[in-house]
1. Given the options 233, 167, name the one that is surrounded by 18 or more Cβ atoms within 10 Å (Cβ to Cβ) and over 30 Å from residue 83 (Cβ atoms).
2. Looking at (1) at pLDDT below 75; (2) over 30 Å from residue 188 (Cβ atoms); (3) surrounded by 11 or more Cβ atoms within 10 Å (Cβ to Cβ); (4) under 60 Å from the mean Cα position of the chain (by Cα), find the lone condition where residue 279 falls short.
3. Just give me the residues in segment 68-109 being charged (D, E, K, R) and surrounded by fewer than 21 Cβ atoms within 10 Å (Cβ to Cβ), in sequence order.
4. List the pairs whose first member sits in segment 1-19 and is within 17 Å of residue 137 (Cα to Cα), whose second member is of a type in the set (Val, Ile, Thr) and assigned to a strand (DSSP E or B), and whose Cβ atoms are under 7 Å apart, counting only residues at least 6 apart or on separate chains?
5. Just for segment 236-270: of the residues that are of a type in the set (Asp, Glu) and either surrounded by 14 or more Cβ atoms within 10 Å (Cβ to Cβ) or at pLDDT below 80 (or both), which one is nearest to the chain's Cα centre (by Cα)?
6. Give me the pairs, please: first residue somewhere in segment 289-308 and closer than 20 Å to residue 265 by Cα, second residue anywhere and assigned to a helix (DSSP H, G or I) and open to solvent by less than 90 Å² (accessible area, probe 1.4 Å), beta-carbon distance under 6 Å, and either six or more positions apart or on two chains.
7. Looking for something closer than 30 Å to residue 155 by Cα, assigned to a helix (DSSP H, G or I) and in contact with a Gly (Cβ under 9 Å, 6 or more places away or on another chain) - is there at least one such residue anywhere in segment 274-289?
8. Please determine whether any residue of segment 175-189 is open to solvent by 50 Å² or more (accessible area, probe 1.4 Å) and free of Cβ contacts under 8 Å to residues at least 24 places away in the same chain.
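The values are calculated or read from the model by the stated rules, or taken from the named source; none is laboratory data. Since this is a predicted model, take the numbers as computed values, not measurements. Note that we place each Cβ from the backbone using ideal geometry, even for glycine, and neighbour counts take in every protein chain shown. The protein model used for the area step is the full one, side chains on, heavy atoms only, and it has no ligands, DNA or RNA in it. Shrake-Rupley method; radii C 1.70, N 1.55, O 1.52, S 1.80 Å.
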Amino acid sequence: MISLNYYEPETQQWQPITFNQLPTQLPADARLWINLNDASSDEQQTILQHFAIAPTLAEDFGRQRHPPKLEAETHFTLLILRGYADVDFSEYSGSAQVNLLYSKQVLISRIYCHNASLLSQLKPQIKTKQSADIAEWIKHLILTVSASYLEKLINFEEEQSELEDGMLQRGTDEQMARIMRYRSVLRKINRNLAYQKDIFADAFYEEQNPLLRHFSATDVRDFYEKFERLHSMTDLYYDQLSDLVEGYISTTSHQINERMKVLTIVSTIFIPLTFIAGIYGMNFVYMPELQIANAYFIVLILMALGGIAGLIWFKIRGWW
């Protein structure tokens, strides 16, 4: 079902209308918001054809999964943004994708979001008896998308500090599994933030950038700085988690090396003793040493002295 909200400049009020009530040409002060969240694919196609949206823009707008993007034609601009919809970084069930087609007077939106709270924040707010500036709505949506990351990243800082303290004291495989999950999530959102940062960064170098049709250079700079900071934070957290992983692997390798050193020392001492025991364990009839009365005790003493000598040698060399 299509939801259409029309701002009548004469009465200065918003009112819901049907598709058949759409005016052929919008008055200069009129505004129109078309919400396609609950629309079928046929209804969506009808709306896009009514406003003569270019096929390339219509195709991208209709996709539920698409990287953040900015593209424009003569009258309409396509803006696709991705927010973070999960409670924290322990899992990643999907992004909140905001698909927008807008002009000076018309906003066509379709939002895919499994988080009801974030979805309500991403909807433009209609105020009675007050004209809605489409650019202000877009600005609100951009800031809401950036805020969906910022809150989680700030909360994650404390959790990462606890993880780091735990790994420094005594790391466990469970903690390592958590770190790997966090790294996976951060890698995914880092990619989304990089796309969105580049969208606003390009506006600084393109005089005819579509964003400058509706926003001032100050607004664009503010958008860029917000996403640049978010991107830097995810880079920082990802690098810190990677350092924890490398530290855990290094510590584990060191512990294994220490254990192997002990086993090597024990083996080095007992291999000669085993060799001697193996010789005298052979069942030959003529073995001269068997005729000596105290041969058994002599061999034991020699074996003990050999083991002690080995330990002393390792100690002198600093191997033990």
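1. On the way: 233 fails: over 30 Å from residue 83 (Cβ atoms).
Criteria check complete, one pass: 167.
2. Of everything listed in (1) at pLDDT below 75; (2) over 30 Å from residue 188 (Cβ atoms); (3) surrounded by 11 or more Cβ atoms within 10 Å (Cβ to Cβ); (4) under 60 Å from the mean Cα position of the chain (by Cα), residue 279 misses just condition (4).
3. 69, 71, 73, 86, 88, 91, 104
4. Taking only residues 6 or more apart or on different chains, the pairs are 4/17; 4/34; 6/17.
5. Keep residues of segment 236-270 that are of a type in the set (Asp, Glu), which gives 239, 243, 246, 258.
Okay, now just the ones that are also either surrounded by 14 or more Cβ atoms within 10 Å (Cβ to Cβ) or at pLDDT below 80 (or both), so 246, 258.
Numbers: 246: 19, 258: 36 Å.
Out of the qualifying residues, it is 246.
6. 303/273; 303/276; 306/272; 307/269
7. Step one: of segment 274-289, the residues closer than 30 Å to residue 155 by Cα are none.
Looking for residues that are closer than 30 Å to residue 155 by Cα, assigned to a helix (DSSP H, G or I) and in contact with a Gly (Cβ under 9 Å, 6 or more places away or on another chain), one finds none in segment 274-289, hence no.
8. Applying the first criterion (open to solvent by 50 Å² or more (accessible area, probe 1.4 Å)) to segment 175-189 yields 178, 180-181, 187-188.
When the remaining residues are screened for being free of Cβ contacts under 8 Å to residues at least 24 places away in the same chain, the result is none.
The answer is no, given that none of the residues of segment 175-189 is open to solvent by 50 Å² or more (accessible area, probe 1.4 Å) and free of Cβ contacts under 8 Å to residues at least 24 places away in the same chain.
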